[in-house]
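Below is one structure; the comments refer to it alone.
The values are calculated or read from the model by the stated rules, or taken from the named source; none is laboratory data. Keep in mind that this is a model prediction, so the values were computed, not measured. Note that each Cβ is placed from the backbone with ideal geometry, even for glycine, and that neighbours are counted across all protein chains shown. The accessibility values were calculated without ligands, DNA or RNA, using every heavy atom of the protein model including side chains. Shrake-Rupley method; radii C 1.70, N 1.55, O 1.52, S 1.80 Å.
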Amino acid sequence: MSSGNSISVRAADTGDRDGIAELLATAFGGRLGAEEREYRQRLFPVERSLVVADAGQVVGHTVDITMTVTVPGDRTVRACGVSAVAVAPTHRRRGLLRALYTAQHARTEADGLPLTIFTASEGTIYGRFGYDPAVTDTTVSIDRRRVEFRPTTPDPGGVVMATLESAAGHIRAVYERWQQRTSAAQERPEAKWALVFDDPEGRRSGVSSVFVLTHPDGYALYQRRRDAHESVVTVSEIRAVTPSAHAALWRVLLGLDLVDRVEATLAEDDPLPYLFTDPRTVRVTQRGDALWARVMDVPAALVARGYEGELDTVVDVHDPFRAAGGRFALRVRDGVADCSPTTRPADLSFDIAVLGALYFGGHRARALAAAHRIDVVDPAALRAFDAAFATARAPELGWFF
Ligand SMILES: CC(C)(COP(=O)(O)OP(=O)(O)OC[C@H]1O[C@@H](n2cnc3c(N)ncnc32)[C@H](O)[C@@H]1OP(=O)(O)O)[C@@H](O)C(=O)NCCC(=O)NCCS
């Protein structure tokens, strides 16, 4: 990039590593230590980075890796997972992000991936590029000393104290079972597992190393910290593939003596609040978008997931940023979709971002229609569309990136 207006995006090489690290430190306000940079580099190799450079300095950056993600119907899709999006404060609002995303999308299209996903720093940036929040999570805080389990809540036991080293195989096996049945959960690459099991000191910032609890059908990872007036447990990850494992693990976590408060981030429909006599036991401190999604190829993406209920409809999809929109006939039989371009009149029309919102089952079409995000020609078509895209369980992000 020069002082003119032309922005040139190029693939990065190893010589860009320090420049990218400095840009990310400036954009996100924190410098990674050498050890953490090494982990990140293993997860997101520099060869997958796109950069904009100006006078030899890296001033814009994105990176992506292909992720295998569970989608409704217990199937998987290979999706482009984008991370570390940043533009230098000296070059902001000149269209660098737009140029980077145009190049990023071209690469994803060339890779034949029907979906792009990422976690966003702000809610105002990505709608214009066809993305919508796809998965919601809630962060909760529990006053441990006031916890009273309902008489109906089982106390199944079976929880064992473990270490990351001793439980590594078990944790991986449970995660895999959980991931295969949880929409939006990604497979974990080896580089990500290394970060979990090595628990590097540089990442702790004031909290203890990781404590581990295992159950034959679950595990919990947590850390402890001492605030000014209280002792806090932060559950960094809890995976339970049976209700019994869920109750057993929470019984132990909420029975930790000398702990005042327990924090955790949960799926929207986690049964935790129903375990207690006082429905206010679980206090929601934050609710937000855990994952954003964009459909890159409408027929390929819609055929890749499963559905509840039959459907025979025509949708008009608008995609002003890319040319992936059009009018499509969508037919579902026995949970399996057929989708192809059509000239039949549309029953429903919407921006492509709506498909991102609906894709993993995290949002309802009827709510988006009520918010004027879906134009409805035929109300019966909306009811069928809403039912077909709904899922029995809320989606959940597998790991942050
Ligand atoms: C967010 C960021 C990448 C934007 O880069 P940029 O090069 O300034 O963005 P562009 O100039 O290409 O903007 C494209 C459009 O997005 C809008 N936009 C960009 N950043 C925005 C923001 N933070 N909030 C609202 N709108 C934003 C621009 O106004 C522009 O709108 P237009 O299409 O109507 O003209 C950059 O500000 C940044 O690095 N921020 C800090 C790190 C960060 O938050 N990264 C995102 C991680 S998910």
Open item on the list: Can you list residue pairs whose Cβ atoms sit under 7 Å apart, with the first residue in segment 278-297 being more than 17 Å from Arg78 (Cβ to Cβ) and the second being of a type outside the set (Lys, Arg) and open to solvent by 70 Å² or more (accessible area, probe 1.4 Å)? Count only pairs 6 or more apart in sequence or on different chains.
Closed with: Asp278/Glu148
Open item on the list: Testing Gly306 on (1) over 24 Å from Thr119 (Cα atoms); (2) touching a Lys or Arg at 6+ places or on another chain (Cβ under 7 Å); (3) outside the structural domain of Thr152 (by TED's automatic domain parsing); (4) part of a loop (DSSP other than H, G, I, E, B), one condition comes back false. Which one is that?
Closed with: (1)
- [ ] May I ask you to list the residues in segment 115-137 that are more than 15 Å from the ligand (Cβ to nearest atom) and open to solvent by 20 Å² or more (accessible area, probe 1.4 Å)?
- [x] Asp137
Open item on the list: Tell me whether segment 333-353 contains one or more residues that are open to solvent by 60 Å² or more (accessible area, probe 1.4 Å) and at pLDDT below 95.
Closed with: no
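So, of the residues in segment 81-106 that are within 6 Å of the ligand (Cβ to nearest atom) and in contact (Cβ under 8 Å) with a residue 60 or more places away in the chain, which turns out to be most open to solvent (accessible area, probe 1.4 Å)?
Among them, the one singled out is Arg94.
Among the candidates Asp18, Asp54, which residue alone is more than 26 Å from Ala191 (Cβ to Cβ) and modelled with pLDDT of 95 or more?
Details: Asp18 fails: more than 26 Å from Ala191 (Cβ to Cβ).
Of the residues listed, the single one that is more than 26 Å from Ala191 (Cβ to Cβ) and modelled with pLDDT of 95 or more is Asp54.
Quick grid of which residues meet (1) open to solvent by less than 50 Å² (accessible area, probe 1.4 Å); (2) under 23 Å from Thr119 (Cβ atoms); (3) more than 25 Å from the chain's Cα centre (by Cα); (4) not hydroxyl-bearing (Ser, Thr, Tyr):
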{"site": "Val9", "(1), (2), (3), (4)": "yes, yes, yes, yes"}
{"site": "Thr14", "(1), (2), (3), (4)": "no, no, yes, no"}
{"site": "Glu22", "(1), (2), (3), (4)": "no, yes, yes, yes"}
{"site": "Gly29", "(1), (2), (3), (4)": "no, yes, no, yes"}
{"site": "Phe44", "(1), (2), (3), (4)": "yes, yes, no, yes"}
{"site": "Leu50", "(1), (2), (3), (4)": "yes, yes, no, yes"}
